[in-house]
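Q: One structure coming up, written as structure tokens, with questions to follow.
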């Protein structure tokens, strides 16, 4: 077996390990963050489970730590109190980004992890099966339920040789994205092997696993070897080590090979992570802003390379440079080593250990700016400035670019090495343990509103086609999460005014005026973040179904969990038959779901009969008929 199959087999509780079949796997660990956590905990509370039933669950507060009003502080207080009450550890604001901290302090080879954040696969760099999911799936796992998913195909990514000078792990995943695109990993796990893996540290592996989310992949997995043991030993956790490798001759569903010897620095151009070209072809582009950090590139190793490049130099006059260390551990060690002083002396603006600019929380670039970032996404307007052009690069490329004022190929310069400590700074005093807080009262601020509840699937479904979208509509399009809106992540009624705002500012008003209806979309609808708000807000607006050419995995699950039908055109060209405002009708939706996988949609405006596909397991058919996951649970409880 390959590593993925071993991880799944050791946790399998239902189904067969055949690609395309639904399986259920036991979940060992969960994580949430404050952007998605409020809804996850509201849903968990509604289940009536007194204590979590996982080996470990952690609530991180790392996304919106800007407290310009009471809303964020109220949400943080709710998360901290509800988590501690139910046996969940809390990583307080300032302790770091969830994926970086989890890799450092809690990741364990051979274990399963799901998180209400699409970049949860970061811990695949530790030999975990780590999967991003919607908040409800995480809530169910905390209550002891398995995670149900389609048995993925496993893609072998063979790395050969060693990276050339100042070419990095970020360039490896950018090369994978260049080849496979943002849709190339849907329904798949990317499993890395080959002699090239041996030269990669755990943080480097984590960078690659992290950005596998941009492929649409279910997860990314690395072996657990002596490099893994050394990292755990340095974190004071060697007892957590277990070896994990693919069997000799293990089979895979597909594969690619990357020769690291010839790989050179790459950049993802606006506005997609798969729009990748060599940095050397972009040398004439002047840069206004450089941002270094995010869960992709904020490790101590990344930061020490940046500090070495900046040492004794000054940032270009036209560039604003920000640096966000990924965790308090990283920041403390940078301070003690003198690397932080080198960054500050060069002119860097050192930000909090949080997601920050990566999700549009501050540092929005100026009008028409070029911003070069070490982040994982460069979707349109995600930076907070719609006219900005964002490029995704490695820390090495970003640091040299900050000094030169133009996009700079770092391979032109002598090799820069990361510091690899024998022992990391360990201080977990900002991680609250529930056993230390036995008497907790849950705190609910006025901004925390109940989540919208779905109803049993109606026999006949009718409504207007409220919008017709193109391909690669992201969750940032469906439910923007910028600095103005993120404080209202626990207030669905307020957020409903902004649904699909970047695509059509009139959509929400139209949906409310018509009492809901249908969304029509192209391929890969719902790519990007795991945020469940992209399903909860359409549910609140009365959206009955989304009819698309294809869906991103997590968003499709979120729609099903909330009782919205994710319908796929049997013939993609049928999308062109539907115009905005057309009256659509589905006769006997429950009957069609029970009898098979096809749903007939009648366009009453032009008379077209459109065949849609909604492949659901028997379990998910019951969920859809009930009106969503929580409605199905309630129905079972009533019986």
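Where a number appears in this text, it was derived from the coordinates with a stated rule and is not lab data. This structure is a prediction, so every number in the text was calculated from the model and none was measured. Neighbour counts are summed over all protein chains in view; Cβ atoms, including those assigned to glycine, are modelled from backbone coordinates with ideal geometry.
Q: How large is the convex hull of the C-alpha atoms of the range 211-345 per residue, in Å³?
A: 176
Q: Would the range 36-94 count as rounded, prolate or oblate if I go by the C-alpha gyration tensor, calling it rounded below 1.5 in a/c and otherwise prolate when a/b exceeds b/c, oblate otherwise?
A: The shape class here is prolate.
Q: Which angle between 0 and 90 degrees, to the nearest 10, do you get for helix 300-310 versus the longest principal axis of the chain when only C-alpha atoms count?
A: That works out to roughly 50 degrees.
Q: Quick one: length gained pulling residue 253 to residue 573 fully straight, 0.36 nm per residue minus the C-alpha distance?
A: Working it through step by step, the gained length comes to 112.3 nm.
Q: Still on this model: Under 10 °C and 1.306 mPa s, how fast does the range 266-409 diffuse according to Stokes-Einstein, given a Kirkwood radius computed over C-alpha pairs? Answer in µm²/s, whole number.
A: 109
Q: Taking a temperature of 37 °C and a viscosity of 0.692 mPa s, what whole-number D in µm²/s does Stokes-Einstein yield for the range 461-638 with Rh from Kirkwood over alpha carbon pairs?
A: Stokes-Einstein gives a translational diffusion coefficient of 203 µm²/s.
Q: How compact and how long is the range 3-259, expressed as Rg and Dmax of its alpha-carbon atoms in Å?
A: My reading of the Cα-based Rg and Dmax gives 18.0, 58 Å.
Q: Then there is this: Just need the relative contact order of the chain here, percent rounded to a whole number, with Cα pairs under 8 Å and 6+ apart.
A: Over the chain, the number comes to 14 percent.
Q: Can you put 271, 437 in order, fewest other beta carbons within 10 Å first?
A: 437, 271
Q: Sticking with this one: What does the highest-first list of 80-87, 279-286 look like by mean Cβ count within 10 Å?
A: 80-87, 279-286
Q: If packing is taken as the mean number of other Cβ atoms within 10 Å per residue, what is the order of 617-627, 371-381, highest first?
A: 371-381, 617-627
Q: While we're on this one: Taking R0 as 60 Å, what's the FRET efficiency between residue 484 and residue 613 from their Cβ-Cβ distance, rounded to 0.05?
A: Computed FRET efficiency for residue 484 and residue 613: 0.95.
Q: A follow-up question, please. Run through the DSSP bridge list for the chain and note the antiparallel percent, rounded to the nearest 5.
A: Beta bridges within the chain, antiparallel portion: roughly 35 percent.
Q: Just check the range 111-190 against the gyration tensor rule for me: Cα atoms, a ≥ b ≥ c as the square roots of the eigenvalues, rounded for a/c under 1.5, and otherwise prolate or oblate depending on whether a/b exceeds b/c.
A: prolate
Q: For the range 299-368, what class follows from the C-alpha gyration tensor (a ≥ b ≥ c being the square roots of its eigenvalues): rounded when a/c is under 1.5, otherwise prolate if a/b is larger than b/c, else oblate?
A: Oblate, because a/c is 1.5 or more while a/b does not exceed b/c.
Q: If you build the Cα gyration tensor of the range 251-321 and take the root of 5 times each eigenvalue, what three semi-axes come out, in whole angstrom, biggest first?
A: 28, 18, 13
Q: What ranking do 18-25, 562-569 get when scored by the average of other Cβ atoms within 10 Å per residue, highest first?
A: 562-569, 18-25
Q: Can you list, largest first and rounded to whole Å, the semi-axes you get for the chain by taking the square root of 5 times each eigenvalue of its Cα gyration tensor?
A: 37, 27, 25
Q: I'd like the orientation of helix 328-337 relative to the chain: the angle between its Cα long axis and the longest Cα principal axis, in ° from 0 to 90, rounded to 10.
A: Taking Cα atoms only, the helix is inclined about 10 degrees.
Q: Based solely on C-alpha atoms, express the radius of gyration and the Dmax of the range 135-284 in angstrom.
A: 16.7, 55
Q: Under 16 Å from a point 7 Å along the Cα-to-Cβ line of residue 427: which residues of the range 291-331 have their amide N that close?
A: 325-331
Q: On a full-extension model of 0.36 nm per residue, what is the gain between residue 605 and residue 313, subtracting their alpha-carbon distance, rounded to one decimal in nm?
A: Taking 0.36 nm per residue and subtracting the Cα distance, the gain is 98.5 nm.
Q: How high is the relative contact order of the range 525-626, in percent, with contacts defined as C-alpha pairs under 8 Å that are six or more residues apart?
A: Relative contact order here is 24 percent.
Q: Let me ask you something else. What nm distance separates the two modelled labels at residue 621 and residue 21, each placed 7 Å from Cα along Cα→Cβ?
A: The modelled label-to-label distance comes out at 1.8 nm.
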